[in-house]
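What follows is a set of notes on a single structure, which appears directly below.
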Amino acid sequence: MELDSSFDIPPSSIPYYRVAEFASNLRVIIEKDYAAMSRRAAGIIAKEIRSKPNAVLGLATGSTPLGVYQELIRMHETENLDFSGIRTFNLDEYYRLRPDHPESYHSFMSKNLFEKINVKPENVSIPDGMATDIGLFCENYEKRIKDAGGIDIQLLGIGRDGHIGFNEPGSSLGSRTRLKTLTEETIRDNARFFDNEGEVPHFAVTMGVGTILGAKKLLMLASGSNKARAVRDAIEGPVSAQVTASVLQLHPNVFVVLDEEAASMLSRSAYYVYVERMAEKFEAEAGT
Ligand code: PGA
């Protein structure tokens, strides 16, 4: 993406104390394509793991984070990225889909990440869509997150309707882990993973918007032009329960990593690219 010439980096440096402005912010990072987006996001997670070997990671499923997981596996295999002290909490799971069903999020996480890294099985938590008492399960899930010290960094995708987790439009912005009814759009979008649309569960257990906002850092990813509208509404639109990803605007420490197609409807992308270049420059100079 070309920068407008008015966004050239000025010759005089901004004093270091302003680095804090970049460190605590909503950073919109625009990468060329899916592979670059995935590498960048994996780098952010790896930095977290290296600086805190017992970090608590919030994880997500779907097509978008697959490249990030592949990159984390590569770093584990070739760069000694160590998950032995890491604890994880997944965002969501389908209701009443057995964990061994090939499309359950339990299966997804095992196949695409957990089997290939050295995370300890007892340190992994995924909502239990089979729990007899879902209300009680959800309360305990919240408690487990709290007892773990909270989530250090929460990975998020975004639905075409602007959802994070399965917090569909209209979800309370203060919601906690609970059972949610999926929208028709989400059911249709997820039908690609199942033999037919009739097999897609209509309910899911998901962390709430409030649960997600409780994480210390958020890392939202989006790739492809079919996400461009949701990304624009989330980043540049009003904060609204109709686009639950818009709550990112209320959180003090957010990375949004996009590919160029997902960023294509943002009206201020040249500015985001400029801010990012400045942040990288200051971080490099400050050695952070
Ligand atoms: P996707 O799903 O990564 O498969 O596009 C994102 C989401 O629905 O949160």
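Each reported figure results from applying straightforward, stated rules to the coordinates on display, with no laboratory input. The model shown is predicted, which means the values in this text are computed figures rather than measured ones. Cβ atoms come from the backbone with ideal geometry, glycine included; neighbour counts cover every protein chain shown.
Observations
- 0 to 90° range, to nearest 10: angle between helix 34-51 axis and the chain longest Cα axis: 90
- Loop-resident sites, the stretch 167-276, for chymotrypsin sites (Phe, Trp or Tyr not before Pro), counting at most 13 other Cβ within 10 Å (DSSP): none
- For Lys227, the lysines whose Cα comes closer than 23 Å to its Cα, not counting residues fewer than 8 places off in the same chain, are Lys32, Lys180, Lys217.
- Here's how it looks for Ser240: its modeled amide H is under 5 Å from those of Ser246, Val247, which are all 5 or more places away or on a different chain.
- Going from the fewest other Cβ atoms within 10 Å to the most, the residues Leu113, Leu66 appear in the order Leu66, Leu113.
- Remark: the stretch 112-120, residue by residue, has Karplus-estimated 3J(HN,Hα) of 8, 8, 4, 5, 10, 10, 9, 6, 7 Hz, where x stands for each Gly or Pro and the curve is 6.51 cos²θ - 1.76 cosθ + 1.60 at θ = phi - 60°.
- A protection proxy built from the mean count of other Cβ atoms within 10 Å ranks the segments 224-230, 37-43, 87-93, most packed first, as 87-93, 37-43, 224-230.
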